[in-house]
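The block underneath contains the structure these notes are about, expressed in structure tokens.
Only the coordinates and a few stated rules stand behind these numbers; no lab work does. Model, not experiment: these values are computed from the prediction. For neighbour counting, all protein chains shown are included, and Cβ atoms are generated from backbone atoms with ideal geometry for every residue, glycine included.
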Amino acid sequence: MSAGFAAPAVAALDWGTTRLRAWLIDGNGNVLAERRGDDGLITAREKGFSNVLEGHLTAMGAPDALPVIICGMAGSRQGWIEASYVTVPAPIGAILRGAARIEGERRDIRIVPGLAQRLADAPDVMRGEETQLAGAGLPEGGRHLVCMPGTHSKWVAVEDGAVAGFGTWPTGELFSVLSAHSILKHSLGEHPAPVAVDSPFFRQWCEQALGEGGDVTSRLFAIRAAGLLQDLKSEDAAACLSGLLIGGEIASARRRHGAGATSVVLVASGALAGLYQAAIGLAGLGLRTVDADEAVRAGLIEAARENGMIARTGAAP
């Protein structure tokens, strides 16, 4: 948590809907201090974004004039200010340089913009994931397919350092809605069990979805039927649903964005990373995994550099 007695050059925040993560970073990109809290966008709108920010900075001992770089929902329409979407295709560096400045504050505070895909037949947006993308360590050249799973999973095609296109699969939200508000709630129970990566039910249903090209709706009711006819246990039903949805997502995303792709860069952490690693392996794709927490921090540091808060040479400005 500390890197000698170096002075902080910038504060970096990943400010989501319900959670906030903050770091003090020195001129070489080292983390000097870290804080996490439950005061995301929802809480900050009540307490005031500036008040929440200053509270965290004070607790970490940040200097009064320390600049701040932020990504996430603080830049949404419901956030501190709206950091307008950058239209893709767009170079990742140019996206970061488009950070919106908050006026009227004693500090230089900037929020990284989200991305917009304005295709008539495939409109889409993302906010926060663009910073993870910048910190994923992608080579500057070539085409890369990046998967960032979550409530709303993002699949991004990057070509020669620019975001060429992306898509959203609300896999996590579908699991939540189906398990709580559909006939499947009787199969999964009131509190669905965590899904183990080595569950044979997860693998079997994932393989089925992959083999059928992502068609999952025709198999959803089979989970309920298996409980009635084959005594499928609730924890195994949860694994079936998870495997079906994740397998369907991968098959669909590969068909839309993965033309010619033989490998995927997975930006994820925790149990979700394990499930997607297994599913991507079942799809026969190569894999490189980047920890999501490390990626967003690295992306914020890169954004600080692109906005002149940290010099490229590693010396504090």
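Our summary of shape: the Cα atoms of the stretch 108-237 have principal axis extents of 58, 35, 33 Å, ordered from largest down, in whole angstrom.
Each Lys and Arg adds +1 at its Cβ and each Asp and Glu adds -1 at its Cβ; summed about the Cα centre, the stretch 238-306 shows a dipole of about 300 debye.
Would you please state the base-10 log of I(q)/I(0) at q = 0.09, 0.10, 0.24 1/Å for the stretch 170-284, with intensities from the Debye formula using one equal scatterer on every alpha carbon? Scattering profile of the stretch 170-284, log10 relative to I(0): -0.22, -0.27, -1.45. Ordering ILE42, ILE102, ILE109 from the fewest to the most neighbouring beta carbons within 10 Å gives ILE42, ILE102, ILE109. Placing +1 on each Lys and Arg Cβ and -1 on each Asp and Glu Cβ, with no other charges, gives the chain a dipole about its Cα centre of roughly 280 debye. Estimated from helical segments only, the mean residue ellipticity of the chain at 222 nm is -12000 deg cm²/dmol, where each DSSP H run of four or more residues counts as -39500 (n - 2.57). With both labels modelled 7 Å from their Cα along Cα-to-Cβ, the ARG36 to ALA196 distance reads 2.5 nm. Summing charges over all other residues whose Cβ lies under 12 Å from the Cβ of ALA193, with Lys and Arg as +1 and Asp and Glu as -1, gives -2. Using only side-chain charges placed at the Cβ, +1 for Lys and Arg and -1 for Asp and Glu, the dipole size of the stretch 170-284 relative to its Cα centre rounds to 260 debye. Averaging over all projection directions, the Cα-based convex hull of the chain occupies 17.2 nm² in the image plane.
Kirkwood hydrodynamic radius (Cα pairs, Å) of the stretch 1-125? Roughly 15.2 Å, rounded to one decimal.
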